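A short reminder: the numbers here are calculations on the coordinates, not readings from a lab. Here the structure is a predicted model, which is why all the values come from computation and not from measurement. Counting neighbours? That spans all protein chains shown, and the Cβs are built from the backbone with ideal geometry, glycine included.
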Amino acid sequence: MAESSTATRKRNDTGPDFVGICRDADQNTVDLSGSTIKFILYRGGSLYLSGSATPDPDQVTNEGQVSYAIQAGDLSEAGEFLQEWEVTFSGGTVETFPTRGYNTVIVEADLG
């Protein structure tokens, strides 16, 4: 995504998946065919989480949609995080989305 977005989850949630759309600086969706994708969270300037994400197989060439399935323990701490999608294309080129700024993930404390 060229512009950033915000997602909110509760601490220790394992769903719903995080979903994003990779767009270039001109707002065109990116063809993710043959690419590998990382879902990356930073907190306080340090890497908090890096996990494998997947392109949506039905929308890989025309929509640029990606998703990350939250694993148990991924959201064990409440707080505000910066998030990016790091795409390595089949030719080895790496590009990070959003292309400008960061996505925000807010993990709220749960009551349990």
Original post:
What is the order of Leu32, Leu49, Leu111, Leu82, fewest Cβ neighbours within 10 Å to most?
Top reply: Leu111, Leu82, Leu49, Leu32
**OP:** Obtain the nm distance between the two label points defined at Glu80 and Thr93 by a simple spin-label model: each point lies 7 Å from its Cα along the Cα-to-C-beta direction.
**Re:** 3.4
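Computed FRET efficiency, Cβ-Cβ of Gln71 and Asp24, R0 41 Å: what is it to the nearest 0.05?
Values: r = 29 Å, r/R0 = 0.71.
So, using R0 = 41 Å, E works out to roughly 0.90.
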**OP:** Neighbouring Cβ atoms within 10 Å as the yardstick, rank Ile70, Ile106 fewest first.
**Re:** Ile106, Ile70
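Could you work out how much longer the chain between Ser52 and Lys10 gets when fully extended? Use 0.36 nm per residue separation minus the Cα distance between them, nm to one decimal.
On the way: separation 42, 0.36 × 42 = 15.12 nm, distance 2.10 nm.
Result for the pair: 13.0 nm of gain on full extension.
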